[in-house]
Amino acid sequence: MKICLAQPQDLDTLLAFREEAAAWLSRLGTDQWQRPYPADKLLATIEAGVVFMVRDGAMTAATVTLTPEAEEGLWTDAELREPSLFINKLTVARTHAGQNVGGRLLNWAGDRAYNAGAKWLRLDAWTTNTALQMYYLRHGFEHIRTVRQGVAVNGGPRVSGWLGQREARPAEHGFVDDTPPPGRPT
């Protein structure tokens, strides 16, 4: 499997990928990702070069957004001064579930963050999805706090405010990394 940057022509694939994940999450009893993700916002992140895809041959096995920008209102000013990269929208295809693709992708993101000079790999997770929170804890993230107040970037209520972080560090991930070298976090 290899990791590469998503391209604008991947937009439909990534939107369908998210719909598949939303349906799976719904079957698990969580309301996570039940609102369709705006195509224009996804395209903007693809064009910004922060959306990555794991390809297994012609198949998309996973995707993650890795960005130096945090969602507004989640992290303190002191935390934001620490060099960090932020994980968003980590998704693994159901065809690749149970194969540790997500764990390997977290290792890749931590390795990339380390190589970019970041101190932390951070994320915010759905506040009601305790299974997802436990997943991140099992993968070395420490729960910092849960932010419930405020309005999310999309104007809706804050639903993704469980904050976790782990130190950025070199890690084996087993992917062929076909991405450009990382930039320095702000």
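Each value in this text was obtained by applying a stated rule to the coordinates, not by laboratory testing. As the structure is a prediction and not an experimental result, all values here were calculated from the model. Note that we place each Cβ from the backbone using ideal geometry, even for glycine, and neighbour counts take in every protein chain shown.
Listed by chain and number, the aspartates and glutamates placed with their C-alpha closer than 14 angstrom to that of K2 are D56, E172, D177, D178; residues fewer than eight positions away on the same chain are left out. Candidate cross-link partners of K41 among the aspartates and glutamates, defined by an alpha-carbon separation under 15 Å and a same-chain spacing of 8 or more, comprise D10, D12, E69, E71.
Can you tell me the length gained on complete extension of the stretch E72 to M134, counting 0.36 nm per residue apart and subtracting the Cα distance?
Numbers: separation 62, 0.36 × 62 = 22.32 nm, distance 2.39 nm.
Taking 0.36 nm per residue and subtracting the Cα distance, the gain is 19.9 nm.
Computed FRET efficiency, Cβ-Cβ of E172 and R81, R0 25 Å: what is it to the nearest 0.05?
Values: r = 30 Å, r/R0 = 1.20.
Plugging the Cβ-Cβ distance into 1/(1 + (r/R0)^6) gives 0.25.
Reported value for region 2-177: 113 Å³ per residue, from the convex hull of its C-alpha atoms. Amide H contacts of A171 (H built 1.01 Å from N, in plane; Pro and chain starts excluded): D111 sit under 5 Å, all sequence-distant by 5 or more or on other chains. Once both labels are positioned 7 Å from their Cα atoms along Cα-to-Cβ, the gap between K119 and K2 label points is 3.6 nm. As a calculated quantity, the FRET efficiency between A39 and T146 at R0 = 41 Å, using C-beta atoms, amounts to about 0.85.
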